[in-house]
Every structure is written in structure tokens, then in C-alpha cells.
Amino acid sequence: MSKASEAKIREYVEEIWVRGNLDAVDDFYAAGYVRHQPPFPDVNGAEAMKQWIAELRDAYSDVQLTIDEFISDGETVVLRGSVHTTHTGQSPTLSIPATGRQLAIPWCSVFHQKNSKVIEEWYYSDNLGLLQQLGVIPALTST
């Protein structure tokens with residue numbers, strides 16, 4: 001992958017997830033895009049992705065995203081990083097009222113591209129850590 005392509009992906013991730021620019025979704029994701037985020041239902045299509053992002057940004061504010069690792073092999077790109085945010089609303093994935101808590105969540109995304117647009121994504125994050133930070137379940141302790 002060229003440095004220009006890597007810069008484009010970094011720019012779109014920042015533009016979409018941190019700034020919340022939903023218009024950029026059409027430039028980055030293909031119309032038939034599918035996002036897999038176990039254990040949650042798939043997100044199907046760029047329009048559904050716009051709605052998903054808007055709902056997440058309503059639930060989590062002050063988003064700061066860090067990309068710690070960027071790996072590319074042809075049409076496949078892997079990003080690993082962390083997101084720091086504040087839980088200020090009800091998430092579309094969790095029926096937990098806003099807690100106002102600061103969260104730090106590690107994540108990893110595997111993007112599959114075709115014609116310079118993402119057609120499929122596999123997204124993984126630390127859901128156990130998220131629930132612990134939200135106070136839903138107790139933190140693990142060492143013995």
C-alpha cells in the first residue's frame with residue numbers, strides 16, 4: 001500500500017469517527033458494505049453505517065482515537081488502536097443509561113477493500129473491559 005493510500009485511510013477514520021462527518025462515509029465505504037462486530041448484529045450498507053455512527057456518537061462524546069498499528073497487504077488493511085471517550089448517552093448496543101464515565105477501549109479492525117472502498121470490516125473491541133468501566137460488572141482482581 002502506498003503512503004498516500006495509508007494517509008487516506010487514516011484521514012477517513014479520523015474524519016468519520018472523531019469528527020463525526022457522515023458525508024465521508026460514502027467516500028470510504030462501498031454501498032454494499034458489511035460490518036461484523038461480534039457479538040452484535042451486522043451493519044449492512046453505507047446508509048446503515050451512517051445511522052450506526054450517529055447513534056454511537058450520541059452515546060459516546062469527546063471521542064479521541066489512536067491508531068497504534070497499521071498493517072496493509074493489498075486489499076486488506078488492519079488497524080489496531082484505542083478509543084478514549086465519555087459515556088454521555090444510551091448506546092445502540094447496550095441498554096445502559098448514560099454514566100458520564102470516561103472510557104478507554106482497545107480495538108482492532110480488519111478492512112477488506114475493493115476499488116479503493118471498504119466492502120467488509122471485522123471489528124473487535126474489549127467488551128468485557130467496557131462493561132467493567134461502565135460499572136455493569138465488577139473489575140477482575142488478582143489473587
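Condition (residue is more than 20 Å from Ser116 (Cα to Cα) and touching a Leu at 6+ places or on another chain (Cβ under 6 Å)) applied to region 17-26: is it met by at least one residue? Looking for residues that are more than 20 Å from Ser116 (Cα to Cα) and touching a Leu at 6+ places or on another chain (Cβ under 6 Å), one finds at least one in region 17-26, hence yes. Taken over region 66-84, the criterion of being more than 12 Å from the chain's Cα centre (by Cα), free of Cβ contacts under 8 Å to residues at least 40 places away in the same chain and surrounded by 14 or more Cβ atoms within 10 Å (Cβ to Cβ) is satisfied by Glu75, Val78. Where residues in region 70-92 are in contact with a strand residue (DSSP E or B) (Cβ under 8 Å, 6 or more places away or on another chain) and either aromatic (Phe, Trp, Tyr) or not in a strand (DSSP E or B) (or both), which of them is nearest to Lys3 (Cα to Cα)? Going through the qualifying residues, I end up with Phe70. Considering region 11-38, and only residues there that are closer than 16 Å to Ala54 by Cβ, free of Cβ contacts under 8 Å to residues at least 40 places away in the same chain and in a helix (DSSP H, G or I), the residue that is nearest to the chain's Cα centre (by Cα) turns out to be Ile16. Selection over region 93-143 of residues that are outside any strand (DSSP E or B), exposed (fewer than 15 other Cβ atoms within 10 Å of the Cβ) and either acidic (Asp, Glu) or touching a residue at least 40 places away in the same chain (Cβ under 8 Å) (or both) gives a count of 3.
Selection within region 46-56: residues that are in contact with a helix residue (DSSP H, G or I) (Cβ under 9 Å, 6 or more places away or on another chain) and of a type in the set (A, V, I, L, M). The member of this set that is surrounded by the most Cβ atoms within 10 Å (Cβ to Cβ) is Met49. Yes or no: Val43 on the phi < 0 side of the Ramachandran plot, in contact with a Ser or Thr (Cβ under 7 Å, 6 or more places away or on another chain) and either assigned to a strand (DSSP E or B) or exposed (fewer than 14 other Cβ atoms within 10 Å of the Cβ) (or both)? No: the conditions fail for Val43.
Which residue is surrounded by the fewest Cβ atoms within 10 Å (Cβ to Cβ), if the candidates are limited to region 5-40 and must be basic (Lys, Arg) and out of contact with any helix residue (DSSP H, G or I) (no Cβ under 7 Å at 6 or more places or on another chain)? Ranking the qualifying residues of region 5-40, first place goes to Arg19. Please verify whether region 88-98 includes one or more residues that are among the small types (Gly, Ala, Ser) and closer than 16 Å to Val13 by Cα. There is no residue in region 88-98 that is among the small types (Gly, Ala, Ser) and closer than 16 Å to Val13 by Cα.
A short reminder: the numbers here are calculations on the coordinates, not readings from a lab. Owing to the predicted nature of the structure, the values given are computational and were not obtained by experimental measurement. Note: ideal-geometry Cβ built from the backbone for every residue, glycine included; neighbour counts use all protein chains shown.
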